[in-house]
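Worksheet: the structure to be examined is printed underneath.
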Ligand code: NI
């Protein structure tokens, strides 16, 4: 396995809508190795999610591991369909490996339903809530060429990480996962 180079904001691969991978690709050893490398790269950074366009591969593929917020990771998510069963939203501070050094306060749906294929082509579904739901929305956005900075409604809530930690980070809350900030 090897670590992959991450595309940064401004690279066109991050702005494009990625196509679905051909199902035959799942049988391809190179594709499976890409998945392993994406997982290794995500953990190495460290991050809680990584989408294929972020490693210069324009395909609808992402890996995610929101840790305690979604046990059982890492999840390999191919050709996902993301839907929102409720209107409720919440705000959280996000970061992104493709936008190093910045944090921004976004609004995301609190509940999400993720239908996808795993690396073996099996149909899977996940019901997500809070931070895990936000990670899925952030990663899914990458497949559509959208970076989180475009989800920051109030640009006074876009900050360098040091200033975020100094002026905007709130003490850890026991129950409200809306206070988390994750790099993905
Ligand atoms: Ni990201």
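The values are calculated or read from the model by the stated rules, or taken from the named source; none is laboratory data. Computed from a predicted model, the values in this text were never measured in an experiment. Ideal geometry is used to build each Cβ from the backbone, glycine not excepted, and the neighbour counts take in all protein chains shown.
Can residue 35 be described as under 20 Å from residue 141 (Cα atoms), free of Cβ contacts under 8 Å to residues at least 60 places away in the same chain and more than 15 Å from the ligand (Cβ to nearest atom)? It is false that residue 35 is under 20 Å from residue 141 (Cα atoms), free of Cβ contacts under 8 Å to residues at least 60 places away in the same chain and more than 15 Å from the ligand (Cβ to nearest atom).
Conditions tested, residue by residue: (1) within 13 Å of the chain's Cα centre (by Cα); (2) over 17 Å from residue 62 (Cα atoms).
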site: 83; (1), (2): no, no
site: 105; (1), (2): no, yes
site: 111; (1), (2): no, yes
site: 116; (1), (2): no, no
site: 133; (1), (2): yes, no
site: 147; (1), (2): yes, no
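The residue pairs whose first member lies in the stretch 94-112 and is within 25 Å of residue 129 (Cβ to Cβ) and at pLDDT below 95, whose second member is more than 8 Å from the ligand (Cβ to nearest atom) and assigned to a strand (DSSP E or B), and whose beta carbons are closer than 9 Å, counting only pairs six or more residues apart or on different chains, do not exist in this structure. Across the stretch 50-90, the number of residues qualifying as more than 23 Å from residue 110 (Cβ to Cβ) and away from the ligand (no atom under 16 Å from the Cβ) comes to 3.
Annotation note: of 177, 184, the sole residue that is surrounded by 18 or more Cβ atoms within 10 Å (Cβ to Cβ), more than 14 Å from the chain's Cα centre (by Cα) and modelled with pLDDT under 95 is 177. Which of the residues that make up the stretch 116-166 are within 16 Å of the ligand (Cβ to nearest atom), in a helix (DSSP H, G or I) and loosely packed, with under 15 Cβ neighbours inside 10 Å? 150 - this is the single residue of the stretch 116-166 that is within 16 Å of the ligand (Cβ to nearest atom), in a helix (DSSP H, G or I) and loosely packed, with under 15 Cβ neighbours inside 10 Å.
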